[in-house]
Amino acid sequence: TLELQLMALKRFLVLDQNDETRFLLKSILGEMQYGDVTLCGNGEEALSLLEPKKIEFIILSWELKPMNGSVFVQKLHSKGAFRYLPILIYSQSLKSADVRLIQELGIGKIIPFPLDKSKTASVDWIS
């Protein structure tokens with residue numbers, strides 16, 4: 001079940017250039033009893049932390065800068081060991097071309113942003 005899949009995850013990485021958003025997501029994960037959350041402000045830093053932190057799940061802003069979400073996911077997929085790492089993307093606005101690209105990259109979960117904190121516990125976090 002979804003709940004059992006989530007319970008098995010222990011190490012999260014939140015990737016967003018905005019400090020407030022990173023801390024909001026860390027707070028939400030903490031309320032859901034996930035305490036091992038790594039916060040990153042850019043894609044290069046995140047890629048360098050995947051192995052040492054043994055990251056199991058990535059929460060990523062599609063509008064990330066300077067390396068956008070698409071480039072980050074492509075670089076992630078080029079690292080064989082992390083090709084199938086689950087990813088949740090959130091976005092302020094997506095064009096249909098973005099949605100197709102996200103699906104082509106193998107990511108099935110996109111949530112709208114800004115987040116409604118009262119509804120995040122019911123979000124289907126796993127694709």
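The values are calculated or read from the model by the stated rules, or taken from the named source; none is laboratory data. Just so it is clear, the model here is predicted, and its values are computed rather than measured. Using ideal geometry, Cβ is built from the backbone for each residue, glycine included, and neighbour counts are taken over all protein chains shown. The area values use the complete protein model at the heavy-atom level, side chains included, leaving out ligands, DNA and RNA. Shrake-Rupley method; radii C 1.70, N 1.55, O 1.52, S 1.80 Å.
A few remarks follow.
- Given (1) open to solvent by 60 Å² or more (accessible area, probe 1.4 Å); (2) in contact with a strand residue (DSSP E or B) (Cβ under 7 Å, 6 or more places away or on another chain); (3) not in a helix (DSSP H, G or I), index of the condition residue 84 fails: (2)
- For region 10-36, a tally of residues being closer than 20 Å to residue 91 by Cα and either out of contact with any strand residue (DSSP E or B) (no Cβ under 9 Å at 6 or more places or on another chain) or aliphatic (A, V, I, L, M) (or both) returns 9.
- Residue within region 86-101 that is touching a residue at least 12 places away in the same chain (Cβ under 8 Å) and of a type in the set (Gly, Ala, Ser) present: yes
- The sole residue among 19, 36, 98 that is more than 17 Å from residue 111 (Cα to Cα) and surrounded by 12 or more Cβ atoms within 10 Å (Cβ to Cβ) is 36.
- Spans of helices (runs of 4 or more DSSP H) in region 1-67 with at least 1 residues modelled with pLDDT under 90 and over 21 Å from residue 81 (Cα atoms): 2-8, 19-31
- The condition of being of a type outside the set (A, V, I, L, M, F, W, C), open to solvent by less than 80 Å² (accessible area, probe 1.4 Å) and within 15 Å of the chain's Cα centre (by Cα) holds for residue 61.
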